Amino acid sequence: MMLYLFMLFTLALLAGVTVFFFTSLRSKEVPANARLIIDAWNSVHDDWAEDDKG
């Protein structure tokens, strides 16, 4: 029972963060926390692209 509650809480938290992230992308100015996530994703993607070339 406790495992199901933990999984439900985790999924609800993930959904909440996802909704917050996508609603913040709609605004004209991206908040700093969303910008950090975008920059982190871009740097990881650049690393993957360099690994594919090398």
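Just so it is clear, none of the values below were taken in a lab; they were calculated from the coordinates. Predicted model, so just to flag it, every value in this text is computed and none were measured. Positions of Cβ are backbone-derived with ideal geometry, glycine not excepted, and every protein chain shown enters the neighbour counts.
One table, with the values for the structure above:
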{"item": "I37 paired with T10, simple spin-label distance in nm, labels 7 Å along Cα-to-beta-carbon", "result": "1.8 nm"}
{"item": "Sorted peptide list for 3-14, 32-43, criterion being average Cβ within 10 angstrom, highest first", "result": "32-43, 3-14"}
{"item": "Extension reserve of the M2-F21 stretch, reckoned as 0.36 nm per residue once the Cα distance is removed", "result": "4.0 nm"}
